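Input: a single structure, listed below in structure tokens.
Rule-based calculations on the coordinates, nothing more; no lab input. Predicted model only: the values in this text are computed from it and were never measured. Here Cβ is always computed from backbone atoms with ideal geometry, including for glycine, and neighbour counts include all displayed protein chains.
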Amino acid sequence: MISLWREEACERLAAAAGLTPVRLPAAIAEARSERGGAHLRSHAWAGTAIDSLRITTITDNAGTIITNIGLFPAPTSALPLIQAETVILRGKLFLTILDATLPPGEPWQFATTPPETLLASLQHPLLPPSPDRPEWCRDLISAAAIWTRPNTAEAIAPAAEAEALLLQWSLDLLQSASQASNFQHTREAFLRALREQFIVNEPSRAYLKNVFGAEWAEHYIREFLFAQKPGSSHATPAIA
């Protein structure tokens, strides 16, 4: 399947970082809706240097494929925040966001390729930068991020290749010497602001509400996508 390699990549990341699988509530781990035959799967891992690594995959009868990966470092770690999202609609790449970012002003502390250099190398003519990046995420997603809305079938392959390279870079980073952050207070504020802003502005909210119901969607956004400990709340609403 087109998304299976992403789940396998996350499993390799989790193993490299010594993360433990999170036992998610059943309605978070897998959800199905009669609206278009939508099928959602979620996986998450957690550890000492990483608050959470999680992946969401959604498919439906119309050929929609949505994958969202987030690696959220602990405030004590110097690791970057890593995000990878892909949305394919009716056989065309609607959106890809790839990013590895540090809190503003924090230097790169690893011997590996810095995030902005990596992201620059992932640029591709079929993945033109989108001009409509929202203002609310300006300090939360780096200026170097791949943020593209090509709406073409031809863009699917280069986007997948770029995502695979980002995940391989992430794996190499996790396998290198670990680094403690000297900017813990800055990181705590950055990660808190990120979670708060994404909870308020999460772009997938309308889709999740329409497909799985408003109460379930709100719970999923707050308690899985941007929770410090995904799935820690077991009182999951029923799908509408």
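Helix screen, the chain: DSSP H segments with Cα axial length of 15 Å or more and mean Kyte-Doolittle hydropathy at least 0.0 are 156-175.
Taken about its Cα centre, the range 4-225 carries a charge dipole of roughly 300 debye when the Cβ of each Lys and Arg holds +1 and the Cβ of each Asp and Glu holds -1. For the chain, averaging the sequence separation of C-alpha pairs within contact (under 8 Å, six or more residues apart) and dividing by the residue count gives a relative contact order of 19 percent.
By the count of neighbouring beta-carbon atoms within 10 Å, fewest first, Glu34, Glu202 end up ordered Glu34, Glu202. Match the structure shown to one of the listed values [x] 113; [y] 176; [z] 128 of volume of the Cα convex hull per residue in Å³, computed from it, and give that label. Computed from the coordinates, volume of the Cα convex hull per residue in Å³ corresponds to [x]. Quick one: longest stretch of the chain between exposed loop trypsin sites (Lys or Arg not before Pro), exposed meaning at most 11 other C-beta atoms within 10 Å and loop per DSSP? Segment 139-240 is the longest.
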